[in-house]
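Reviewing the structure listed below.
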Amino acid sequence: MRETTDFRDKSAIANALTAYRHGRISRRTMLQTLAAAGVALSATPARPRRAAAQASPTAEVADQPEEIVAWLEDVGRQFEGASIKVVSEETPPSRAIINLKQQYFEELTGITVDWEVVPLAQVLAKVSQDAASQLGANDIYYFDQAWVGRFINDTFDPRELLEQKPDLAMPNYDIDDFLQPLVQHIATYGDKMIGFPCDVPIFMYFYRSDIYDEMGLSPATTMEEYLANAKAINDAMAADGTYGTVGQMQSGHYALNCDMTAWVWSHGGSVFTADGMCSLNDAAAVTGVDYMRELQTYMPAAVTTYDWGGQATAIQQGQGGQVITWGEDFPGWDDPASSTVSGLMEPVALPANAAQRPAEEAGFEEVPDLGHQGGSTYCLSRYSKNADPAWVFLQWATSSNTQTLASIIGGGASPMRQSTFDDPRVQANAQVGIAGTTRHFPAMYDVIMNRMGTEPHLPQWPLIATDIIAVELGKLTTGGYGSTQEGMDTIKRLVDEAAAR
Amino acid sequence: MANVNRAATVDPRATGRGSVVAPAHGLTRNVLSSDRPWLWLAPIVALLLFIGIYPLAYNLWNSFREFSPMLGTVEPVGLANWARLLTDVRVREALGTTAVYVSAALLIEFALGLAIAVLFNAGPWASGLWQSLLILPMVVPPTVAAVMFKVLENADYGALAYYLQSWGITDKVEPLLGGTGRYAIPAVLIPDIWQWTPFFVLILLAGLKALPTDPLEASRVDGASAWQTFWHVTLPMLRPMIAIAVLFRLVDLLKVFDYIFVMTSGGPGTRTEVLSFYAYQRSFTTIEWGYGSVLGIVILLLAIVVANVYLRVFKVAW
């Protein structure tokens, strides 16, 4: 990377933060360093306006470039007194932006952001109600990638807004900085972009380094090796409460569908074929589900009650020797304040698929691969009554600087932008055993760019994934069907019926 | 008319108390007249209609429409949602699960509640303290109780699971919560019983304390045993209180949701999917608002029918 003045100043900020965290410098010295770096930053392209107005700028203000501050005060201030409503799931980036918005946005613009955080299912219900009534109860929606097909006509295409509203455009807002696979598979349906990517939980491979070392295991490079490692750990340690692996297998929960698709995709199957018919009962899919069921025998019995939160907690408690699951859980596992496995979990490249169906042979924009992504977008509602101030906020929330701060402050929230991955402040957090570590980001980047799996995006998918697949799989994984084939035949029949509605 | 006008024209000098009350004008007299109660009852009736009848009417109207994910709009569907009710296998399963859950919870909570109430009525040591402590479970929000018991029943670190495994009732492969779900219904019943048995205790204890002592003493004088007295004298006299307590719990149990939502999400499969949870799933997870409305109305009708059958079968007289 070419070293610029901006890079050096950001590195100085990162180094100061690291030194302060390790107790090598005092808080006062750290703030002085940050202020100096902030002044230096402002002397080049970005001088914090508030830094100029106050004698001693804080570290936080120094983190907002002057041109953004100026834009918020000039353009955003036009809408002073406006109140915009956002509805989203509780996620690390959402939480981070909620924490940032008052100081970095509301105080500078006078716009109030009323951000409602609810469980994912309720987000879907609220957005559906809003879209059906077209009343504009919320200005900005949070969409799971599984819903893009359903709400394609209910949001503005941000590329068009950037062109149509040049007077509201944030300076140097780089839409091409978003990682292309995320734009394509999370935020786009057909040729329409529905919003900006804001989060990408994605399946990664993590293992307990202490257990692998003790047992002489190596990170699996194939699916067979992964299964063998799970079995070996389980055989040796299950009696003591550490199982081969864990899962998110709660019946009727979307999480179970996420697990299943990853195993099906990694064995050459897909949910749909190109003709739009469900293929979950073909030989490849059944092999994948059998693989999942065998893995289940190396998990705690309570796994049939775990959703993603339950699974993350189980790892945190040391119940699993390895797992392929959401990368976003990793910072929590590394946090010594809340985890028994701090510094022990290691991210590593995903094992190779046993077989893989090309995306062209799958249906509804489905992309089969082991790295199941559960990304989401922030979208501007077409029915918003405050579209302009909401558009200003949306640009600020998804800008490079805000996203980078969210990755640091949000406890390692998954980056959306190349600039976030490259930012020295983010790289400075790539340390073992600290809260908010970003040391899994290189492995995450690899999965996003090379191994990302994406669910089908037909409008009926939320119903199919949760109410059919997760419920029937719940029966299958608890002995409700005589065989995997019988269960998957039922799922295929129900999915085809639902898709035809 | 008489009451209002009389009050308005009372001469304070004649009564010797109160301040002078001005005679009502003709218009006020007419408006406040008890001959026209509808006028001054109108505001509260309107309020009741708004908060009670309007949602019900809206729900009924909604049951003839459905959200279309393809169009993103709510479309009229006629009787399709009601017809679907008749062919939906999961409704039948949910009704069965609801019946099992309600019967088991009601029976156990009543039996335990009655036993504890009788015990407290005998006035054991520190019975006042125990009665106060008994109220505590009822003030815990059901979702919190469900989370608490989800931890207690966890196969690996739950205290309750540990003891059940120690006593050989469950094991790690087939725990109370998890595994194949063999014990899923008991698992969600436990917090319900913990939380609502005290309700029976309090109502029945109040009833026991209010009973006249003469019949009890007479039965003893006649040589009845303690059990005979309880069965033939106490219990019949307690019947109105039992009827109230059972009816309240019956209606409440038909709407059970929190424990299932938090602890099992209706699973494994549909093993703990009661009707109210299924209605929630349809309304808020799969966004089938019309069908969800149908299920909501079914739950209401079910509560009305079951409550009336109960009143008739057990010949409850207030």
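The values are calculated or read from the model by the stated rules, or taken from the named source; none is laboratory data. Treat the numbers as computed from the prediction; the structure is a model and nothing was measured. Note: ideal-geometry Cβ built from the backbone for every residue, glycine included; neighbour counts use all protein chains shown. Note: areas computed on protein heavy atoms with side chains; ligands, DNA, RNA excluded. Shrake-Rupley method; radii C 1.70, N 1.55, O 1.52, S 1.80 Å.
Points to keep in mind about this one:
- Residue match in the stretch B:108-119 (condition: out of contact with any Phe, Trp or Tyr (no Cβ under 6 Å at 6 or more places or on another chain), closer than 26 Å to B:Leu177 by Cβ, without any contact (Cβ under 8 Å) to a residue 12 or more places away in the chain and away from every other protein chain (no Cβ under 14 Å)): yes
- Yes/no for A:Arg501 being touching a residue at least 40 places away in the same chain (Cβ under 8 Å), open to solvent by 10 Å² or more (accessible area, probe 1.4 Å) and closer than 30 Å to A:Ser339 by Cα: no
- Evaluating A:Gly479 against the criteria (1) within 14 Å of another protein chain (Cβ to nearest Cβ); (2) in a helix (DSSP H, G or I); (3) touching a Ser or Thr at 6+ places or on another chain (Cβ under 6 Å); (4) open to solvent by 20 Å² or more (accessible area, probe 1.4 Å) leaves one unmet condition, (2).
- Residue check: B:Trp125 meets all listed conditions (1) in contact (Cβ under 8 Å) with a residue 60 or more places away in the chain; (2) exposed (fewer than 14 other Cβ atoms within 10 Å of the Cβ) but one, namely (1).
- Any hit, the stretch A:451-466, residues being in a loop (DSSP other than H, G, I, E, B), away from chain B (no Cβ under 14 Å) and in contact (Cβ under 8 Å) with a residue 12 or more places away in the chain: yes
- B:Val201 assigned to a helix (DSSP H, G or I), in contact with a Leu (Cβ under 9 Å, 6 or more places away or on another chain) and among the β-branched types (Val, Ile, Thr): yes
- Check on A:Pro219, touching an Asp or Glu at 6+ places or on another chain (Cβ under 9 Å) and not in a helix (DSSP H, G or I): yes
- Among the conditions (1) open to solvent by 10 Å² or more (accessible area, probe 1.4 Å); (2) of a type outside the set (A, V, I, L, M); (3) at pLDDT 95 or above, the only one that A:Thr454 does not satisfy is (1).
- For A:Val303, the conditions (1) open to solvent by less than 10 Å² (accessible area, probe 1.4 Å); (2) within 14 Å of another protein chain (Cβ to nearest Cβ); (3) touching a residue at least 60 places away in the same chain (Cβ under 8 Å); (4) not aromatic (Phe, Trp, Tyr) all hold with the exception of (3).
- Conditions (1) open to solvent by less than 40 Å² (accessible area, probe 1.4 Å); (2) at pLDDT below 90; (3) polar (S, T, N, Q): number failed by B:Thr180: (1)
- Taken across the stretch A:87-104, residues that are over 23 Å from A:Arg425 (Cβ atoms), touching a residue at least 60 places away in the same chain (Cβ under 8 Å), open to solvent by less than 60 Å² (accessible area, probe 1.4 Å) and acidic (Asp, Glu) do occur, with at least one present.
- In the stretch B:58-81, the residues that are within 26 Å of the chain's Cα centre (by Cα), assigned to a helix (DSSP H, G or I) and touching a residue at least 24 places away in the same chain (Cβ under 8 Å): B:Asn59, B:Leu60, B:Asn62
- Extreme residue, nearest to the chain's Cα centre (by Cα), among residues of the stretch B:139-157 that are open to solvent by less than 70 Å² (accessible area, probe 1.4 Å) and within 11 Å of chain A (Cβ to nearest Cβ): B:Lys150
- For the stretch B:82-103, a residue qualifies if it is in contact (Cβ under 8 Å) with a residue 60 or more places away in the chain and either open to solvent by 70 Å² or more (accessible area, probe 1.4 Å) or within 23 Å of A:Leu494 (Cα to Cα) (or both), and the qualifying residues are B:Trp82, B:Arg84, B:Leu85, B:Arg90, B:Val91, B:Glu93, B:Ala94, B:Leu95, B:Thr97, B:Val100.
- Count of the stretch B:217-251 residues which are among the aliphatic types (A, V, I, L, M), closer than 25 Å to B:Trp196 by Cβ and surrounded by 14 or more Cβ atoms within 10 Å (Cβ to Cβ): 11
- The residues of the stretch A:174-204 that are open to solvent by 40 Å² or more (accessible area, probe 1.4 Å) and closer than 29 Å to A:Ala312 by Cβ, listed by number, are A:Gln180, A:Gln184.
- Going through (1) more than 14 Å from chain B (Cβ to nearest Cβ); (2) under 20 Å from the mean Cα position of the chain (by Cα); (3) part of a loop (DSSP other than H, G, I, E, B); (4) among the aliphatic types (A, V, I, L, M) one by one, A:Met249 falls short only on (1).
- Flag for A:Asp144 being among the acidic types (Asp, Glu) and farther than 21 Å from A:Pro119 by Cβ: no
- Selection from the stretch B:267-298 of residues that are under 20 Å from B:Val188 (Cα atoms), more than 14 Å from chain A (Cβ to nearest Cβ) and open to solvent by 10 Å² or more (accessible area, probe 1.4 Å): B:Ser276
- Residues that are part of a helix (DSSP H, G or I) and closer than 17 Å to B:Asn308 by Cβ, drawn from the stretch B:241-257: B:Ala243, B:Ile244, B:Val246, B:Leu247, B:Phe248, B:Arg249, B:Leu250, B:Val251, B:Asp252, B:Leu253
- The stretch A:150-173, subset within 14 Å of chain B (Cβ to nearest Cβ) and not polar (S, T, N, Q), residue surrounded by the fewest Cβ atoms within 10 Å (Cβ to Cβ): A:Ile152
- Qualifying residue in the stretch A:220-231 (condition: more than 19 Å from A:Glu328 (Cα to Cα), free of Cβ contacts under 8 Å to residues at least 40 places away in the same chain and buried (at least 17 other Cβ atoms within 10 Å of the Cβ)): no
- Checked against the criterion of being surrounded by fewer than 20 Cβ atoms within 10 Å (Cβ to Cβ) and in contact with a Ser or Thr (Cβ under 6 Å, 6 or more places away or on another chain), the candidates A:Pro336, A:Pro351, A:Pro358, A:Pro331 yield just one match: A:Pro336.
- Just one of the numbered conditions (1) without any contact (Cβ under 8 Å) to a residue 12 or more places away in the chain; (2) within 14 Å of chain A (Cβ to nearest Cβ) is not true of B:Ala184: (1).
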